[in-house]
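A short reminder: the numbers here are calculations on the coordinates, not readings from a lab. As the structure is a computational prediction, the values presented were derived from the model and not from experiment. Here the Cβ is made from the backbone with ideal geometry for all residues, glycine too, and neighbour counts use every protein chain on show.
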Amino acid sequence: QVQLVESGGGLVQPGGSLRLSCTASGRLFSTYAVGWFRQAPGKEREFVAGVMRSGGGTYYTDSVKGRFAIFRENAKNMVYLQMNSLKPEDTAVYYCASGEVSLLSPSRILTMETQYDSWGQGTQVTVSS
């Protein structure tokens, strides 16, 4: 089972940037899909961005397209979420998750929480002036 730890959260002004890191345990990390989710107080957890295992594609929720980018460095067992042009609406606890997702599935399957069986503890992102 993969163990995940998020880091990189913090306080940033609107329009600023932040890069979140997800560090994973396990020697077969490159075979797992990884997704980023977020949850604000009083709101349901929502999908943000995901990446298939090595050789697969990425998928983003509409609200972050063009602003966020997910990428992985398998040799380091890490996945990143680069967040640019941050808005107050992006304020939330961000979680990374991993799961075994078939490359034969469409990338939008990454939006489904049921595809993930390992979750990190979360890192707080606050966008405020």
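Modelled spin labels at Leu103 and Ser63, positioned 7 Å past Cα toward Cβ, are 3.3 nm from each other. Over the Cα atoms of the range 76-129, the radius of gyration divided by the Kirkwood radius equals 1.03; this is the Rg/Rh ratio.
At full extension, Gln39 and Gln1 could sit 11.3 nm farther apart than now, given 0.36 nm per residue minus the alpha carbon distance. Here the alpha carbons of the range 19-129 define both size measures, Rg and Dmax, at 13.2, 44 Å.
Given a Förster radius of 35 Å and the C-beta distance between Gln124 and Leu28 as r, what FRET efficiency does 1/(1 + (r/R0)^6) yield to the nearest 0.05?
Details: r = 30 Å, r/R0 = 0.84.
Working from the Cβ atoms, E equals 0.75.
The gain in end-to-end length when the Glu113 to Phe71 segment is fully stretched comes to 13.2 nm, 0.36 nm per residue minus the alpha carbon separation. Normalising the average separation of contacting C-alpha pairs (under 8 angstrom, six or more residues apart) by the number of residues puts the relative contact order of the chain at 37 percent.
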